[in-house]
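To keep things clear, I will list the structure first and then write my remarks on it.
The values are calculated or read from the model by the stated rules, or taken from the named source; none is laboratory data. Computed from a predicted model, the values in this text were never measured in an experiment. Note: ideal-geometry Cβ built from the backbone for every residue, glycine included; neighbour counts use all protein chains shown. Accessible surface is based on the protein model in full, side chains and every heavy atom, while ligands, DNA and RNA are left aside. Shrake-Rupley method; radii C 1.70, N 1.55, O 1.52, S 1.80 Å.
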Amino acid sequence: MLATAQNVLPVFILIFAGWLTVATGYLRAEAGDALSNFVFKVAVPVLLFRTIAEADFHGAFPVRLWIAYFSAVAIVWAIAYALAITVFAVNHRMATVVGVSSAFANTVFVGLPLIDRIVGPEGLVALSILIAIHLPVMMIASSLLIEQAEQRDTGKPKSGWIGLLTSLWRNLARNPLVFGIIGGGLWHLLGVRLEGVPATVIQQISQIAGPAALLALGMAMRRYGFAGQLPLSLTATLLKLVAMPALVLLFATLLGLSDEWRRALVLVAAVPTGVNAWLIASQFRTGEPLAASTITLTTGFGVVSVTFWAFLLA
(Lines give C-alpha, C1' and ligand atoms only; values in the text may rest on other atoms or scores of the structure.)
Protein backbone atom coordinates (compact mmCIF):
# COMPACT_ATOMS: atom_id res chain seq x y z
CA MET A 1 0.00 0.00 0.00
CA LEU A 2 2.85 2.40 0.84
CA ALA A 3 4.52 1.74 -2.52
CA THR A 4 1.21 2.37 -4.30
CA ALA A 5 0.66 5.59 -2.36
CA GLN A 6 4.15 6.80 -3.29
CA ASN A 7 3.22 6.25 -6.93
CA VAL A 8 -0.11 8.08 -6.63
CA LEU A 9 0.91 10.96 -4.34
CA PRO A 10 2.97 12.90 -6.92
CA VAL A 11 -0.17 13.32 -9.01
CA PHE A 12 -2.07 14.99 -6.18
CA ILE A 13 0.97 16.87 -4.88
CA LEU A 14 1.21 18.59 -8.27
CA ILE A 15 -2.49 19.55 -7.99
CA PHE A 16 -1.83 20.96 -4.51
CA ALA A 17 1.25 22.80 -5.76
CA GLY A 18 -0.83 24.47 -8.46
CA TRP A 19 -3.46 25.46 -5.90
CA LEU A 20 -0.78 26.80 -3.56
CA THR A 21 0.78 29.10 -6.17
CA VAL A 22 -2.56 30.87 -6.61
CA ALA A 23 -3.75 30.67 -3.00
CA THR A 24 -0.57 32.38 -1.75
CA GLY A 25 -0.71 35.03 -4.46
CA TYR A 26 2.59 33.91 -5.97
CA LEU A 27 0.82 33.63 -9.32
CA ARG A 28 -2.44 35.17 -10.44
CA ALA A 29 -5.43 33.02 -11.33
CA GLU A 30 -5.08 34.23 -14.92
CA ALA A 31 -1.83 32.28 -15.16
CA GLY A 32 -3.80 29.11 -14.45
CA ASP A 33 -6.26 29.98 -17.21
CA ALA A 34 -3.40 30.42 -19.67
CA LEU A 35 -1.83 27.12 -18.61
CA SER A 36 -5.19 25.35 -18.91
CA ASN A 37 -5.58 26.69 -22.44
CA PHE A 38 -2.13 25.42 -23.38
CA VAL A 39 -2.86 21.99 -21.89
CA PHE A 40 -6.29 21.67 -23.49
CA LYS A 41 -5.46 23.14 -26.89
CA VAL A 42 -1.87 21.96 -27.43
CA ALA A 43 -0.29 19.50 -25.00
CA VAL A 44 -3.12 16.98 -24.50
CA PRO A 45 -4.17 16.87 -28.19
CA VAL A 46 -0.53 16.15 -29.09
CA LEU A 47 -0.39 13.42 -26.42
CA LEU A 48 -3.60 11.85 -27.75
CA PHE A 49 -2.27 12.05 -31.31
CA ARG A 50 0.98 10.33 -30.35
CA THR A 51 -0.73 7.66 -28.23
CA ILE A 52 -3.20 6.62 -30.93
CA ALA A 53 -0.70 6.98 -33.80
CA GLU A 54 1.77 4.61 -32.10
CA ALA A 55 -0.76 2.27 -30.46
CA ASP A 56 -0.86 -1.46 -31.02
CA PHE A 57 -4.51 -2.38 -30.55
CA HIS A 58 -3.86 -6.13 -30.90
CA GLY A 59 -7.15 -6.41 -32.80
CA ALA A 60 -9.05 -5.29 -29.69
CA PHE A 61 -12.66 -4.20 -30.21
CA PRO A 62 -13.34 -0.96 -28.28
CA VAL A 63 -17.11 -1.46 -27.92
CA ARG A 64 -16.62 -3.72 -24.88
CA LEU A 65 -14.54 -0.99 -23.24
CA TRP A 66 -17.26 1.60 -23.87
CA ILE A 67 -19.99 -0.73 -22.58
CA ALA A 68 -18.04 -1.46 -19.39
CA TYR A 69 -17.49 2.21 -18.59
CA PHE A 70 -20.77 3.78 -19.66
CA SER A 71 -22.87 1.05 -18.04
CA ALA A 72 -21.35 2.14 -14.75
CA VAL A 73 -21.95 5.80 -15.63
CA ALA A 74 -25.64 5.14 -16.31
CA ILE A 75 -26.16 3.21 -13.06
CA VAL A 76 -24.33 5.74 -10.86
CA TRP A 77 -26.16 8.65 -12.52
CA ALA A 78 -29.53 6.94 -11.98
CA ILE A 79 -28.76 6.16 -8.32
CA ALA A 80 -27.61 9.75 -7.68
CA TYR A 81 -30.72 11.15 -9.36
CA ALA A 82 -33.05 8.86 -7.41
CA LEU A 83 -31.40 9.65 -4.06
CA ALA A 84 -31.53 13.38 -4.73
CA ILE A 85 -35.26 13.23 -5.51
CA THR A 86 -36.41 10.77 -2.82
CA VAL A 87 -34.02 11.42 0.10
CA PHE A 88 -33.02 15.07 -0.33
CA ALA A 89 -36.29 16.23 -1.98
CA VAL A 90 -34.63 18.54 -4.53
CA ASN A 91 -36.10 19.47 -7.90
CA HIS A 92 -35.36 17.55 -11.08
CA ARG A 93 -32.76 20.04 -12.34
CA MET A 94 -30.73 19.82 -9.14
CA ALA A 95 -31.06 16.03 -9.15
CA THR A 96 -29.64 15.96 -12.68
CA VAL A 97 -26.65 18.05 -11.57
CA VAL A 98 -26.09 15.56 -8.73
CA GLY A 99 -26.06 12.79 -11.36
CA VAL A 100 -23.58 14.69 -13.55
CA SER A 101 -21.31 15.40 -10.58
CA SER A 102 -21.37 11.73 -9.52
CA ALA A 103 -20.48 10.31 -12.94
CA PHE A 104 -18.39 12.86 -14.88
CA ALA A 105 -14.72 11.91 -14.41
CA ASN A 106 -11.80 14.27 -14.97
CA THR A 107 -10.39 12.10 -17.74
CA VAL A 108 -8.04 14.72 -19.20
CA PHE A 109 -6.46 16.75 -16.41
CA VAL A 110 -6.16 13.90 -13.86
CA GLY A 111 -6.90 10.71 -15.77
CA LEU A 112 -4.23 11.04 -18.45
CA PRO A 113 -1.24 11.76 -16.17
CA LEU A 114 -2.44 9.19 -13.62
CA ILE A 115 -2.86 6.37 -16.16
CA ASP A 116 0.43 7.28 -17.83
CA ARG A 117 2.22 7.00 -14.48
CA ILE A 118 0.55 3.91 -13.05
CA VAL A 119 -0.53 1.75 -16.01
CA GLY A 120 1.69 2.95 -18.87
CA PRO A 121 1.26 2.98 -22.67
CA GLU A 122 -1.39 0.24 -22.81
CA GLY A 123 -3.45 2.14 -20.27
CA LEU A 124 -3.13 5.33 -22.30
CA VAL A 125 -4.45 3.51 -25.35
CA ALA A 126 -7.53 2.41 -23.38
CA LEU A 127 -8.05 5.92 -22.02
CA SER A 128 -7.66 7.47 -25.48
CA ILE A 129 -10.37 5.14 -26.79
CA LEU A 130 -12.60 6.22 -23.90
CA ILE A 131 -11.87 9.94 -24.37
CA ALA A 132 -12.80 9.61 -28.05
CA ILE A 133 -16.48 9.43 -27.09
CA HIS A 134 -16.51 10.41 -23.38
CA LEU A 135 -17.04 14.14 -23.79
CA PRO A 136 -19.65 13.89 -26.59
CA VAL A 137 -21.65 11.21 -24.73
CA MET A 138 -21.56 13.03 -21.38
CA MET A 139 -22.33 16.46 -22.83
CA ILE A 140 -25.23 15.22 -24.93
CA ALA A 141 -26.68 13.19 -22.06
CA SER A 142 -26.29 16.10 -19.61
CA SER A 143 -27.88 18.63 -21.94
CA LEU A 144 -30.83 16.42 -22.86
CA LEU A 145 -31.52 15.35 -19.28
CA ILE A 146 -31.30 18.87 -17.87
CA GLU A 147 -33.62 20.18 -20.57
CA GLN A 148 -36.06 17.39 -19.72
CA ALA A 149 -35.74 18.29 -16.02
CA GLU A 150 -36.51 21.95 -16.81
CA GLN A 151 -39.69 20.85 -18.55
CA ARG A 152 -40.74 18.90 -15.45
CA ASP A 153 -39.90 21.70 -13.02
CA THR A 154 -41.08 24.76 -14.95
CA GLY A 155 -43.27 23.50 -17.78
CA LYS A 156 -40.81 24.99 -20.28
CA PRO A 157 -41.67 23.91 -23.85
CA LYS A 158 -39.30 21.66 -25.70
CA SER A 159 -36.65 23.51 -27.68
CA GLY A 160 -36.20 20.65 -30.13
CA TRP A 161 -33.44 18.07 -30.35
CA ILE A 162 -32.16 19.29 -33.69
CA GLY A 163 -31.16 22.71 -32.38
CA LEU A 164 -29.59 21.23 -29.25
CA LEU A 165 -27.61 18.60 -31.14
CA THR A 166 -26.52 21.17 -33.74
CA SER A 167 -25.14 23.39 -30.97
CA LEU A 168 -23.32 20.45 -29.38
CA TRP A 169 -21.90 19.43 -32.77
CA ARG A 170 -20.49 22.92 -33.30
CA ASN A 171 -18.79 22.80 -29.90
CA LEU A 172 -17.31 19.37 -30.54
CA ALA A 173 -16.15 20.34 -34.03
CA ARG A 174 -14.01 23.06 -32.43
CA ASN A 175 -12.70 20.81 -29.65
CA PRO A 176 -8.88 20.36 -29.89
CA LEU A 177 -9.12 16.89 -28.29
CA VAL A 178 -11.18 15.77 -31.28
CA PHE A 179 -8.41 16.97 -33.62
CA GLY A 180 -5.80 14.99 -31.70
CA ILE A 181 -7.88 11.81 -31.69
CA ILE A 182 -8.85 11.98 -35.36
CA GLY A 183 -5.32 12.97 -36.43
CA GLY A 184 -3.78 10.11 -34.47
CA GLY A 185 -6.33 7.66 -35.89
CA LEU A 186 -5.62 8.72 -39.47
CA TRP A 187 -1.85 8.51 -38.91
CA HIS A 188 -2.28 5.04 -37.41
CA LEU A 189 -4.26 3.90 -40.45
CA LEU A 190 -1.51 5.16 -42.76
CA GLY A 191 0.96 2.89 -40.95
CA VAL A 192 3.73 5.51 -40.99
CA ARG A 193 6.15 5.55 -38.05
CA LEU A 194 6.83 8.76 -36.15
CA GLU A 195 10.56 9.32 -36.56
CA GLY A 196 13.26 11.99 -36.55
CA VAL A 197 12.79 15.58 -35.46
CA PRO A 198 8.95 15.56 -35.61
CA ALA A 199 8.85 12.52 -33.33
CA THR A 200 11.19 14.22 -30.84
CA VAL A 201 9.12 17.41 -30.76
CA ILE A 202 5.86 15.46 -30.34
CA GLN A 203 7.41 13.38 -27.56
CA GLN A 204 8.63 16.45 -25.67
CA ILE A 205 5.25 18.18 -25.88
CA SER A 206 3.54 14.95 -24.78
CA GLN A 207 5.78 14.77 -21.71
CA ILE A 208 4.70 18.28 -20.72
CA ALA A 209 0.99 17.41 -20.85
CA GLY A 210 0.69 15.45 -17.59
CA PRO A 211 2.49 17.76 -15.12
CA ALA A 212 1.06 20.88 -16.77
CA ALA A 213 -2.49 19.49 -16.60
CA LEU A 214 -2.19 18.74 -12.89
CA LEU A 215 -0.75 22.17 -12.08
CA ALA A 216 -3.46 23.86 -14.15
CA LEU A 217 -6.18 21.91 -12.34
CA GLY A 218 -4.74 22.90 -8.96
CA MET A 219 -4.69 26.56 -9.98
CA ALA A 220 -8.31 26.30 -11.12
CA MET A 221 -9.40 24.71 -7.81
CA ARG A 222 -9.08 28.12 -6.20
CA ARG A 223 -12.02 29.19 -8.36
CA TYR A 224 -14.34 26.37 -7.33
CA GLY A 225 -13.63 26.02 -3.62
CA PHE A 226 -16.32 24.71 -1.29
CA ALA A 227 -19.74 26.29 -1.67
CA GLY A 228 -21.83 24.30 0.78
CA GLN A 229 -24.62 21.71 0.33
CA LEU A 230 -22.53 19.18 2.24
CA PRO A 231 -25.00 16.22 2.42
CA LEU A 232 -25.62 16.21 -1.33
CA SER A 233 -21.94 16.83 -2.13
CA LEU A 234 -20.83 13.98 0.13
CA THR A 235 -23.37 11.66 -1.50
CA ALA A 236 -22.08 12.56 -4.95
CA THR A 237 -18.49 12.15 -3.73
CA LEU A 238 -19.16 8.68 -2.32
CA LEU A 239 -20.83 7.56 -5.52
CA LYS A 240 -18.03 9.00 -7.67
CA LEU A 241 -15.05 7.61 -5.74
CA VAL A 242 -16.48 4.28 -4.52
CA ALA A 243 -19.51 3.11 -6.50
CA MET A 244 -18.30 4.23 -9.92
CA PRO A 245 -14.93 2.38 -9.92
CA ALA A 246 -16.52 -0.68 -8.29
CA LEU A 247 -19.11 -0.95 -11.06
CA VAL A 248 -16.50 -0.37 -13.78
CA LEU A 249 -14.38 -3.16 -12.27
CA LEU A 250 -17.39 -5.47 -12.27
CA PHE A 251 -18.35 -4.80 -15.90
CA ALA A 252 -14.75 -4.79 -17.17
CA THR A 253 -14.21 -8.19 -15.56
CA LEU A 254 -17.48 -9.64 -16.88
CA LEU A 255 -16.66 -8.42 -20.39
CA GLY A 256 -13.16 -9.92 -20.28
CA LEU A 257 -11.08 -6.78 -20.83
CA SER A 258 -7.31 -7.14 -20.54
CA ASP A 259 -5.61 -6.40 -17.22
CA GLU A 260 -4.14 -3.11 -18.48
CA TRP A 261 -7.44 -1.89 -19.93
CA ARG A 262 -9.33 -2.92 -16.79
CA ARG A 263 -6.86 -1.11 -14.53
CA ALA A 264 -7.00 2.01 -16.69
CA LEU A 265 -10.81 2.12 -16.70
CA VAL A 266 -11.14 1.53 -12.96
CA LEU A 267 -8.53 4.15 -12.09
CA VAL A 268 -10.04 6.78 -14.36
CA ALA A 269 -13.44 6.01 -12.79
CA ALA A 270 -11.86 6.68 -9.38
CA VAL A 271 -10.44 10.13 -10.25
CA PRO A 272 -12.13 13.35 -9.08
CA THR A 273 -15.19 14.86 -10.73
CA GLY A 274 -14.31 16.84 -13.86
CA VAL A 275 -14.73 20.59 -14.06
CA ASN A 276 -17.24 20.05 -16.87
CA ALA A 277 -19.81 19.21 -14.17
CA TRP A 278 -19.52 22.80 -12.90
CA LEU A 279 -19.57 24.20 -16.44
CA ILE A 280 -22.79 22.31 -17.21
CA ALA A 281 -24.39 23.48 -13.95
CA SER A 282 -23.30 27.05 -14.70
CA GLN A 283 -24.64 26.90 -18.24
CA PHE A 284 -28.09 25.91 -16.99
CA ARG A 285 -27.82 28.12 -13.86
CA THR A 286 -28.66 25.20 -11.57
CA GLY A 287 -26.63 23.63 -8.77
CA GLU A 288 -23.34 25.49 -9.27
CA PRO A 289 -22.49 25.36 -5.51
CA LEU A 290 -23.17 21.61 -5.44
CA ALA A 291 -20.96 20.93 -8.46
CA ALA A 292 -18.17 23.14 -7.09
CA SER A 293 -18.26 21.42 -3.70
CA THR A 294 -18.24 17.96 -5.28
CA ILE A 295 -15.21 18.85 -7.42
CA THR A 296 -13.38 20.06 -4.31
CA LEU A 297 -14.35 17.06 -2.15
CA THR A 298 -13.55 14.44 -4.78
CA THR A 299 -10.19 16.09 -5.43
CA GLY A 300 -9.40 16.13 -1.71
CA PHE A 301 -10.43 12.52 -1.13
CA GLY A 302 -9.24 11.37 -4.55
CA VAL A 303 -5.75 10.54 -3.34
CA VAL A 304 -7.26 7.95 -0.95
CA SER A 305 -9.65 6.59 -3.56
CA VAL A 306 -7.05 6.26 -6.30
CA THR A 307 -4.48 4.73 -3.92
CA PHE A 308 -7.02 2.12 -2.75
CA TRP A 309 -8.07 1.08 -6.25
CA ALA A 310 -4.50 1.10 -7.56
CA PHE A 311 -3.45 -1.16 -4.67
CA LEU A 312 -6.45 -3.45 -5.21
CA LEU A 313 -5.58 -3.87 -8.90
CA ALA A 314 -1.80 -4.16 -8.48
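Expressed in nm to one decimal, what extension gain is obtained for the pair S282 and L189 from 0.36 nm per residue of sequence separation less their Cα-Cα distance?
Working: separation 93, 0.36 × 93 = 33.48 nm, distance 3.95 nm.
This chain segment gains 29.5 nm when fully extended.
Can you pull out the chymotrypsin sites (Phe, Trp or Tyr not before Pro) in region 22-115 whose DSSP state is coil and whose Cβ has at most 15 other Cβ atoms within 10 Å?
Y26, F57, F88
Check A105: other-chain or 5+ apart residues with amide H under 5 Å from its amide H, H built from backbone geometry?
HN-HN under 5 Å from A105: G274.
Can you give me the distance in nm between label points at D33 and F61, each placed 7 Å from the Cα along the Cα-to-Cβ direction?
My value for the distance between the label points is 4.7 nm.
Among the helices of the chain (complete DSSP H runs), which have Cα atoms covering no less than 24 Å along the helix axis and a Kyte-Doolittle mean of at least 1.0? All intermediate terms of the calculation are to be shown ahead of the outcome.
Working: long enough: 2-23 (30 Å, 1.74); 63-86 (34 Å, 1.80); 121-154 (48 Å, 0.86); 196-224 (43 Å, 0.73); 288-313 (34 Å, 1.32).
Within the chain the helices that satisfy the rule are 2-23, 63-86, 288-313.
Mind checking region 248-307 for trypsin sites (Lys or Arg not before Pro) that DSSP puts in a loop (not H, G, I, E or B) and that have at most 10 other Cβ atoms within 10 Å?
Here the trypsin sites (Lys or Arg not before Pro) that fit, given the DSSP loop and packing criteria, are R285.
Tell me, what is the FRET efficiency for V87 and T154 to the nearest 0.05, using R0 = 30 angstrom and their Cβ-Cβ distance as r?
0.85
What FRET efficiency comes out for the pair L234/I182, r = Cβ-Cβ distance, R0 = 30 Å, nearest 0.05?
Once rounded, the FRET efficiency stands at 0.15.
Express the carbon and sulfur contribution to the solvent-accessible surface of the chain as a percent, rounded to the nearest whole number, probe 1.4 angstrom. Write down the numbers at each step before the final one.
Working: 9570 of 14260 Å².
Roughly 67 percent of what the probe reaches on the chain is carbon or sulfur.
Between I140 and R117, what is the label-to-label distance in nm when each label sits 7 Å out along the Cα-to-Cβ direction?
3.4 nm
Quick check: the distance between the Cα centres of region 1-67 and region 213-276, to the nearest angstrom?
Value for the Cα centre distance between the two parts: 14 Å.
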